[in-house]
Amino acid sequence: MTISGEAKLAGVSGWPVAHSLSPRLHGYWIAEHRLDAAYVPLAIAPEDFAPALTMLPKLGFRGINVTLPHKEAAFRLTSEHDPAALATGAVNTIVFDKGKAIGRNTDVLGFSAMLRDQVPQSLMSKTAVVLGAGGAARAVVGALQSMGLAHVKVVNRTPEKAVAIRELFGTSVDPIPWNDANAALAGADLLVNTTSLGMRGQPDLDFDLSSLPGHAVVIDIVYRPLETTLLTQAKHRGLRTVDGLGMLMHQARLAFAGWFGVEPKVTPTLRAHLVAALKAR
Ligand code: ATR
């Protein structure tokens, strides 16, 4: 469908942004719902992010997604925050509304929705190990806590950042040194990678998964490649795995609804569309 002069606009801001799957994802829903709208990549250098936030609503943008490295700056530069943004100190979605820039973090509810979709509810009261302690980890820990996980072990290379997550979310969070990761896996029901390890161009995660129980679910929020070495190792052990497209689709659904007033659906056809887009690169 072509767009008119009144088309509703949104986009994804990042630096770089060319790797983002979000234009494919939102473009799919715009076509599915036959909206007069466009969602575009916005390559914005860090020093240009603040002025861009002033200009984009003036140019008619309803809002934007925010990806690396702008999520913390987006938190500082938005005047109102939803509870998830406040809990994580990071914003991945901005809605421009009546002269205000409202900061949201749809990663938290997106991760929870993905868990409800793909992980047995019986594991939702137990123990999780989260690898990493950056912005994505804060969203994941917030989601796990809101789903009722009793114990979350946060394993990070820089120990102070794992300690900061405990300060943010309380004593159900246990900071664990990176070198103790293998021991932390014993008895864990969920393992979630939020680090950039395993992403194309980065070193692989090198963990021994043998101490994970047979019912454990291994989740990677990385989606490039779709099957990371961590997920391959988990499959070899016969464990259930979840790749990064689940969280990506669910966080996007909430952002789309905020800008365009339509609740799109996460479906197997959408997933197949994204898998094909990843393979085409
Ligand atoms: P995001 O917002 O995606 O979470 P981030 O805040 O930059 O991005 O966090 C990246 C995470 O990957 C951090 O936990 C980082 O560990 P440090 O806190 O020690 O930096 C982790 N990470 C990145 N490269 C790593 C590596 N080579 N080994 C171990 N952890 C790594």
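Couple of notes before you dig in:
- Region 108-243: C-alpha gyration tensor shape, a/c 1.5 cut-off, then a/b vs b/c: rounded
- Springs between Cα atoms under 10 Å define the GNM used for the chain, and in it the highest mean-square fluctuation of 218, 40, 154 occurs at 40.
- Theoretical ellipticity at 222 nm over the chain - DSSP helices of four or more residues, -39500 (n - 2.57) apiece, nearest 500: -11500 deg cm²/dmol
- Hypothetical label at residue 211: residues of region 138-176 whose amide nitrogen lies under 16 Å (7 Å Cα-Cβ projection): 152-156, 174-176
- For the listed peptides 182-193, 49-60, a ranking on the average number of other beta carbons within 10 Å per residue, highest first, reads 182-193, 49-60.
- Axis of helix 135-146 versus longest Cα principal axis of the chain: the two differ by about 70°, to the nearest ten degrees.
- Global form of region 55-107, assessed from the alpha-carbon gyration tensor, a/c cut-off 1.5: prolate
- Helix 106-118 axis versus longest C-alpha principal axis of the chain: approximately 60°, rounded to the nearest ten.
- In region 101-152, inverting the average of 1/r over every pair of distinct C-alpha atoms gives 11.4 Å as the Kirkwood radius.
- Straight Cα distances below 18 angstrom link residue 161 to the aspartates and glutamates 72, 174, 180, with same-chain residues fewer than 8 positions distant left out.
- Ranking 205, 134, 111 by Cα position along the charge dipole of region 108-243, where only Lys, Arg, Asp and Glu carry charges on their C-beta atoms, puts 111 farthest toward the positive end.
- Note on the chain: the alpha carbon radius of gyration divided by the globular reference 2.2 N^0.38 Å gives 1.00.
- Hz values of 3J(HN,Hα) by residue in region 92-104 - Karplus curve (6.51, -1.76, 1.60), Gly and Pro given as x: 10, 9, 10, 10, 8, 9, 6, x, 10, 10, 9, x, 10
- Highest mobility in the GNM of the chain, judged by mean-square fluctuation with C-alpha springs under 10 Å and restricted to 121, 251, 233, is found for 121.
- Which listed pairs, of 8/100; 8/98; 100/265, have C-alpha distances above 19 Å, in listed order: 100/265
- Distance from region 163-237 to region 238-281 (C-alpha centre basis), Å: 22
- Rounded to the nearest 20 debye, dipole of region 108-243 from Cβ charges on Lys, Arg, Asp, Glu: 180
- Dividing the alpha-carbon radius of gyration of region 28-148 by the rule-of-thumb value 2.2 N^0.38 Å gives 1.19.
- DSSP beta bridges in the chain [antiparallel fraction, %, rounded to 5]: 20
- Of the residues 96, 122, 145, the one whose Cα sits farthest toward the positive end of the charge dipole of region 41-170, with +1 on the Cβ of Lys and Arg and -1 on the Cβ of Asp and Glu, is 122.
Readers should treat all values here as calculations from the given coordinates under stated rules, not as data from a laboratory. Computed from a prediction, not measured in an experiment: that's the story for all the values here. Positions of Cβ are backbone-derived with ideal geometry, glycine not excepted, and every protein chain shown enters the neighbour counts.
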